[in-house]
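All remarks here apply to the structure that follows.
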Amino acid sequence: MKFVSSFVLILVFSAVLSAQDRQPPDNQPHITPRNQPQAGNQSQPADEEQPNVPKGESSSRDAQINLESNRPTPPSADAGSDDVQEMYPFDPHKAAKDVEVGNFYLKRKNYRAALERFNEALLYKPKDAEATVGLAETQEKLGLFTPAYLNYRAYLQILPSGPVAKEAQEAVTRLEPKVEAQKTSPELQAILKEGEAALSQNDFETAYARFAKALQTLPDDPLTNFHLAESLQGMQRLDEARLFYQKSLDLQPNGPHAREARRQISEIKWILGK
């Protein structure tokens, strides 16, 4: 009987040990306490101080807006290509934001920054009245009288009875004598002579630089447009040359260079397959 009793006790003891082994770890006693935060210690581990930011992104404190970055660059006549024209989507909201920032800079006399924003606004919304008159005011402040004069007139064409039409008309009257004086200035005449001399030697790049500068003062001069077209054609910038030949022709349909302008336009269209 003692042997049987001992055998039964051994079986019971073995069953108890087996049951404890099958319990989940969390139900077992821990000899070493787990790493839990101590009471009153609110510090976080180093790798938990900042929220996880996906690679390539930044946290909110790093996402500072830079008003002078991420802007599109206006197409330049010097960097233009015959077959690649940079186009900008029509975006009135973007244009309105540029106008707002441009006016901000204009009031603070940061004219170069204002000039950039008004020009950009007109890329996204051509013939925007507010951007046009803002650009005219900025150009006048910078002493760019001919472009300012033309933009004041452009505003009056867009909104003849606009909110600043009276001021624009006064500016046109005020700037007209300065524009006329610039057309006859010795500096301008020297630039034109340098362009003609370069063109006579087939130095098309120098000629282009001279006539492009002269065109800032004489945008509606048919001969300057014609010479600029010749320069561009010599540089193999044919599509641009065609546009300036056409402008020269539009300004003076029966002028001394009209026949040659028509001939060159036809030849360029044939070469370009237009």
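The values are calculated or read from the model by the stated rules, or taken from the named source; none is laboratory data. Keep in mind the model is a prediction, meaning the values are calculated, not measured. Cβ sites come from the backbone with ideal geometry, for glycine too, and all protein chains shown count toward neighbours. The area values use the complete protein model at the heavy-atom level, side chains included, leaving out ligands, DNA and RNA. Shrake-Rupley method; radii C 1.70, N 1.55, O 1.52, S 1.80 Å.
Suppose we keep only residues that are assigned to a helix (DSSP H, G or I) and polar (S, T, N, Q) within segment 93-135. Which one would you say is surrounded by the most Cβ atoms within 10 Å (Cβ to Cβ)? Across segment 93-135, the extreme among qualifying residues is Thr132.
Suppose we keep only residues that are surrounded by 15 or more Cβ atoms within 10 Å (Cβ to Cβ) and in a loop (DSSP other than H, G, I, E, B) within segment 236-254. Which one would you say is farthest from the chain's Cα centre (by Cα)? Per the stated criteria, the residue is Gln252. Assessment of segment 141-149 against the conditions (outside any helix (DSSP H, G or I), open to solvent by less than 80 Å² (accessible area, probe 1.4 Å) and of a type in the set (A, V, I, L, M, F, W, C)) yields at least one matching residue.
Could you tell me whether any residue of segment 191-209 is within 31 Å of the chain's Cα centre (by Cα), polar (S, T, N, Q), surrounded by fewer than 18 Cβ atoms within 10 Å (Cβ to Cβ) and closer than 25 Å to Gln139 by Cα? So far as segment 191-209 goes, no, none of its residues is within 31 Å of the chain's Cα centre (by Cα), polar (S, T, N, Q), surrounded by fewer than 18 Cβ atoms within 10 Å (Cβ to Cβ) and closer than 25 Å to Gln139 by Cα. Count of segment 150-188 residues, restricted to those that are of a type in the set (Gly, Ala, Ser) and in a helix (DSSP H, G or I), is 5.
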